[in-house]
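The structure appears below as structure tokens.
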């Protein structure tokens, strides 16, 4: 039962972070599904399986990604969300 609670807590925290970023639009580096239309002033800085890793100096770029049709926008670090690759 304890591992299940830990996994659920981590999942809820991750979803809360993603939702907060979605609503506030304050993600420095983001991951979106491959095939998402990328607005102007947003750079693709890497890829991960099924994802594009993006960055922009525009503080409102997360909202623009959703307007462009992104199914989700996740906070990302360097190459992957979990930074498993070095």
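The residue pairs whose first member lies in the range 1-19 and is at negative phi, whose second member is outside any helix (DSSP H, G or I), and whose beta carbons are closer than 6 Å, counting only pairs six or more residues apart or on different chains, are 18/74.
Restricted to the range 1-40, and to residues there that are part of a loop (DSSP other than H, G, I, E, B) and at pLDDT 85 or above, the residue that is surrounded by the most Cβ atoms within 10 Å (Cβ to Cβ) is 36.
Filter the range 67-83 for residues that are closer than 18 Å to residue 17 by Cβ and surrounded by fewer than 16 Cβ atoms within 10 Å (Cβ to Cβ); which is modelled with the highest pLDDT? Ranking the qualifying residues of the range 67-83, first place goes to 71.
The values are calculated or read from the model by the stated rules, or taken from the named source; none is laboratory data. Computed from a predicted model, the values in this text were never measured in an experiment. Cβ atoms come from the backbone with ideal geometry, glycine included; neighbour counts cover every protein chain shown.
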